[in-house]
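J.: First the structure, then my questions, so here it is.
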Amino acid sequence: MTRPNHQPETRNPQTLKPPNPQTPKPLNPQTFKPSNPQTLKPSNLQTLKPPNPQTPKPSNPQTFKPSNLQTLKPSNPQTFKPSNLQTLKPPNPQTPKPSNPQTPKPSNPQTFKPSNLQTFKPIQLLVTMSLNHKSIFTAIALLALGHVVIAQKDKVTGSVDIYKDFDAHLLESNKINLTPTLPPIDTTTQKQDYIVPARPLSLSYPTPKLRPIAMKSGKKDDTFNGYAKAGAGIPKQFWGELGYFFSAEDKFDGKAWFRHHSLNNGDNRENQRFFNNDFLLNGNVYLSQNLAVEGNVGYSYDRVHFYGYNSDTLSFSEERTRQDVKILDLGGRLFNKERSDMDLNFHIAPKFYLLNDYYANKETGLALDMGATKWFAEKHPLTFNIRTDNTTFEDTVKQKLNNIYLQPSFTFHSDIVRIKIGGNFASNRDEFTIFPDAELTLRLIGNGIQIFGGAGGDLRKNTYRTMLDYNPFNQVRGVTLRNTEYRNYYAGAKGDLGFLEYSGQFTYAEAKDLALFQTKFTPEGITRFQVVYDDATITNVQGTVKLNLFKQSLALIGTLSQNLTFEPANESKTWGLPQTEWNFNGVVSVLDGKAEVRGGLYIADGIWFKDIEGVSRQGDVLLDLNAGGNFYFSKNIGAFVNVNNILNNKRERWYNYPMVGLNFLVGLTARF
């Protein structure tokens, strides 16, 4: 039995009327004999769903056996009632009856037993229907009618022929239009918490090489490893300088440098002459495992003459006024050439020097500087330094001045503030002194405007070498070597605007055992100087301004240092120390860098001293105006000229030692 392609419209079972008043007959009237005529009821229509309005006839009546319907059992036989078929209206309200009132006998009594048909209630429903695919309710009703519910307990044999003819019609109905609507958009924001477990990943990749793409390269400046300068001038003076830089890829680099400068103004002032010779050899060897070794060898040989006497009444030979100072410097350093994986830097730097003068005075110095810096977040350094500085001086007696320094500090950096907190713990002759080492810097407008303030201090050594560096006419014999205990507190402002760099600060300082240079007259009438120690309080203002204009073609630099107060505790004046120093310099580059023009002005106040009668006097003001320039004829060869003390100032920086007046120097330069 096949199912219909279309489902009939449901109607009232009381109006069911087949289109043909003649009840259809089976092919074999003897094969259908219901045992109970009352079993044919409209309520049993729930189990019959004809597959096709024209029920096909089986070619073999024996192929359909009611026994095969044992598996068709409704899950609930009570769910379908005749009352549910009110919408099914057959054309003829008469209940169909079999054409033969006689009970048919099956052709094969062994295969068909009417007693087994107690639960099988066939229905012949002949309805002519025209199907419409738009009716959903009709499809549901025909689907319900198409199921055959069989509750069969006994085995049924035989065959059943079922003929059903449907001619269904759909009633007129109104189309229901459905307009879909979207649900309202949920605009509420909900906080989502994500827990992502940390998984450290170790990735190894080659270091990327950054290269410009489609960029026009700028003009490269020529680089030179060697430099030479030689010149001569009036009064008799000579200048010679030679330097060379050498390297071997990333394994080694170094430089060698030598300079000679001599002047003889004996024609204008007896024994006003000097010469300076300086030599330096430096090298760095870069070892494996991020280590590097630096070595330094330096040697200087300087000669001055004590021409501080009245040359109108006195005269001395060169040997009588000669003073030679020879210094050998040796140094080294072991350090890491790059910051380690632990963000740690370290260094170990020993230094040694040996000083001898013409009068058999001898001084040696040995220092060892060890330090380490640990970086936090790559910008906050924690530094710890230990430094020992031992000095031994020998003339007629032997003196030692040994200091030990312990210098820890921590510096915090951020975008707007820099804070340094530390200390300088110094020890000398079992005396322990603590100095502050702190600074606070606030960036008000980036690097353009910054204000700062801090406190510092140190134990400064006064050795024979430092005395000669400041005053070459000093006499050390009979002087005790001491430390100057110096503390300073400062505040100021600084900034970098690109074309303008500036810095200015106010300082209050206290100095204990400050070295002053008082005049000392020899029995022969030659003026010498000797150190006296005194305590002093100092207030000072100082500043620096650097201006770059016209794409670095013009550079102007000015520095100022002015002591507002300089009050010694015991001495009446600050012998040999200036109160005011101003220095202005300018450089102009022209002709595409082939030529430079320089100018400078140095201003200093008069120095206080005592004359041979012990009267305090102040010297003249210094106005030292200088000019110079250089020009390169080619890429390698050039010339220079320097004109010094254009105002021919004869100011005495040291009493009875006037400066050389107007002088100039010309020569050639070479770079290679």
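The values are calculated or read from the model by the stated rules, or taken from the named source; none is laboratory data. None of the values given here were measured: they were computed from a predicted structure. A quick note on method: Cβ atoms are made from the backbone with ideal geometry, for glycine too, and the neighbour counts reach across all protein chains shown. For the accessible areas, the whole protein counts, side chains as well, though only heavy atoms, and no ligand, DNA or RNA atoms are used. Shrake-Rupley method; radii C 1.70, N 1.55, O 1.52, S 1.80 Å.
J.: Could you please find all residues in region 409-446 being more than 24 Å from ALA493 (Cα to Cα) and open to solvent by 40 Å² or more (accessible area, probe 1.4 Å)?
T.: If the condition is that a residue be more than 24 Å from ALA493 (Cα to Cα) and open to solvent by 40 Å² or more (accessible area, probe 1.4 Å), then PHE425, ARG429, ASP430, GLU431, PHE432, ILE434 are the ones that fit.
J.: Of everything in region 455-499, what is of a type in the set (Asp, Glu) and over 22 Å from ARG303 (Cα atoms)? Give them in sequence order.
T.: ASP458, GLU485, ASP496 - these are the residues of region 455-499 that are of a type in the set (Asp, Glu) and over 22 Å from ARG303 (Cα atoms).
J.: Then there is this: Name the residues in region 475-513 that are in contact (Cβ under 8 Å) with a residue 60 or more places away in the chain and open to solvent by 30 Å² or more (accessible area, probe 1.4 Å), would you?
T.: Those that are in contact (Cβ under 8 Å) with a residue 60 or more places away in the chain and open to solvent by 30 Å² or more (accessible area, probe 1.4 Å): ARG477, THR480, ARG482.
J.: Same structure, new question: Suppose we filter region 628-650 for residues that are crowded, with 17+ Cβ neighbours inside 10 Å and either in contact (Cβ under 8 Å) with a residue 24 or more places away in the chain or under 45 Å from the mean Cα position of the chain (by Cα) (or both); how many remain?
T.: 8
J.: Something else: Confirm whether LEU171 is modelled with pLDDT under 75 and open to solvent by 100 Å² or more (accessible area, probe 1.4 Å).
T.: Here the answer is no, as LEU171 does not meet what is asked.
J.: Here is a check on your reading of the model: is LEU662 open to solvent by 20 Å² or more (accessible area, probe 1.4 Å), hydrophobic (A, V, I, L, M, F, W, C) and more than 30 Å from PHE306 (Cβ to Cβ)?
T.: No, not satisfied.
J.: Can you list residue pairs whose Cβ atoms sit under 8 Å apart, with the first residue in region 241-262 being farther than 27 Å from GLN289 by Cα and the second being at pLDDT 90 or above and outside any strand (DSSP E or B)? Count only pairs 6 or more apart in sequence or on different chains.
T.: TYR244/ASN225
J.: Among the listed residues VAL545, VAL597, identify the single one that is under 24 Å from TYR490 (Cα atoms) and open to solvent by 70 Å² or more (accessible area, probe 1.4 Å).
T.: The match here is VAL545.
J.: Among the residues of region 409-459 satisfying the criterion of being among the hydroxyl-bearing types (Ser, Thr, Tyr) and more than 20 Å from GLY543 (Cβ to Cβ), which is nearest to the chain's Cα centre (by Cα)?
T.: SER414
J.: For the structure I just gave you, tell me whether ASP469 is out of contact with any Asp or Glu (no Cβ under 7 Å at 6 or more places or on another chain), closer than 30 Å to HIS305 by Cα and open to solvent by 50 Å² or more (accessible area, probe 1.4 Å).
T.: When the stated conditions are applied, ASP469 passes them.
J.: If I ask for residues that are in contact with a helix residue (DSSP H, G or I) (Cβ under 8 Å, 6 or more places away or on another chain) and assigned to a loop (DSSP other than H, G, I, E, B), which ones from region 438-478 would you list?
T.: VAL476
J.: I need a count of the residues in region 233-253 that are loosely packed, with under 14 Cβ neighbours inside 10 Å and under 28 Å from ILE646 (Cα atoms).
T.: 1
J.: Given the options ASP343, ASP329, name the one that is out of contact with any Cys (no Cβ under 9 Å at 6 or more places or on another chain), open to solvent by less than 60 Å² (accessible area, probe 1.4 Å) and on the phi > 0 side of the Ramachandran plot.
T.: ASP343
J.: Of all residues in region 352-391, count the ones that are more than 22 Å from ARG333 (Cα to Cα) and open to solvent by less than 30 Å² (accessible area, probe 1.4 Å).
T.: Number satisfying all stated conditions: 4.
J.: Any residue in region 571-581 that is in a loop (DSSP other than H, G, I, E, B), hydroxyl-bearing (Ser, Thr, Tyr) and open to solvent by less than 60 Å² (accessible area, probe 1.4 Å)?
T.: So far as region 571-581 goes, yes, one or more of its residues are in a loop (DSSP other than H, G, I, E, B), hydroxyl-bearing (Ser, Thr, Tyr) and open to solvent by less than 60 Å² (accessible area, probe 1.4 Å).
J.: Right, next: Name the residue, out of LEU591, LEU625, that is under 22 Å from GLY667 (Cβ atoms) and exposed (fewer than 14 other Cβ atoms within 10 Å of the Cβ).
T.: Of LEU591, LEU625, the one residue that is under 22 Å from GLY667 (Cβ atoms) and exposed (fewer than 14 other Cβ atoms within 10 Å of the Cβ) is LEU591.
J.: So, one more: Does ASP389 satisfy being acidic (Asp, Glu) and in contact (Cβ under 8 Å) with a residue 60 or more places away in the chain?
T.: Yes, satisfied.
J.: Determine which member of the set ARG303, ARG320 is at pLDDT 95 or above and among the charged types (D, E, K, R).
T.: ARG303
J.: Enumerate the pairs (first residue in region 190-207 and in contact (Cβ under 8 Å) with a residue 40 or more places away in the chain; second residue anywhere and open to solvent by 100 Å² or more (accessible area, probe 1.4 Å)) with beta-carbon separation below 7 Å, excluding pairs fewer than 6 apart on the same chain, so at least 6 apart or on different chains.
T.: Sorted first by the residue in region 190-207, then by its partner, the list stays empty.
J.: Continuing with this model, one more query. What do you reckon, is ALA256 modelled with pLDDT under 95, assigned to a strand (DSSP E or B) and open to solvent by less than 40 Å² (accessible area, probe 1.4 Å)?
T.: no
J.: Could you list, in sequence order, the residues of region 641-672 that are in contact with a strand residue (DSSP E or B) (Cβ under 8 Å, 6 or more places away or on another chain) and in a loop (DSSP other than H, G, I, E, B)?
T.: Once the filter is applied, which keeps residues that are in contact with a strand residue (DSSP E or B) (Cβ under 8 Å, 6 or more places away or on another chain) and in a loop (DSSP other than H, G, I, E, B), region 641-672 yields ASN645, ILE646, LEU647, ASN649, LYS650, ARG651, TYR655, ASN656, MET659, VAL660, LEU662, PHE672.
J.: Still on this structure, I have one more. Pairs needed: first member in region 357-370, closer than 18 Å to THR466 by Cβ and basic (Lys, Arg); second member anywhere, open to solvent by 40 Å² or more (accessible area, probe 1.4 Å) and modelled with pLDDT under 95; C-beta distance under 6 Å; at least 6 residues apart or different chains.
T.: From region 357-370, the pairs are LYS362/GLU394.
J.: Just to be sure I understand, how many residues within region 548-570 are of a type in the set (Phe, Trp, Tyr) and buried (at least 16 other Cβ atoms within 10 Å of the Cβ)?
T.: 1
J.: Restricting to region 305-324, and then to whatever is touching a residue at least 60 places away in the same chain (Cβ under 8 Å) and in contact with a Lys or Arg (Cβ under 8 Å, 6 or more places away or on another chain), can you tell me which residue is farthest from LYS251 (Cα to Cα)?
T.: Across region 305-324, the extreme among qualifying residues is GLY308.
J.: Do we find a residue being of a type outside the set (Lys, Arg) and open to solvent by less than 30 Å² (accessible area, probe 1.4 Å) anywhere in region 309-317?
T.: Within region 309-317, one or more residues are of a type outside the set (Lys, Arg) and open to solvent by less than 30 Å² (accessible area, probe 1.4 Å).
J.: Further question: Tally time: how many residues in region 403-430 are among the hydroxyl-bearing types (Ser, Thr, Tyr) and more than 30 Å from ILE449 (Cβ to Cβ)?
T.: Adding up the residues that qualify gives 2.
J.: Report yes if ASP302 is of a type in the set (D, E, K, R), touching a residue at least 24 places away in the same chain (Cβ under 8 Å) and either open to solvent by 50 Å² or more (accessible area, probe 1.4 Å) or on the phi > 0 side of the Ramachandran plot (or both), otherwise no.
T.: no
J.: Tell me, which residue of region 603-618 that is assigned to a strand (DSSP E or B) and of a type in the set (A, V, I, L, M) is most open to solvent (accessible area, probe 1.4 Å)?
T.: Selected residue: ILE603.
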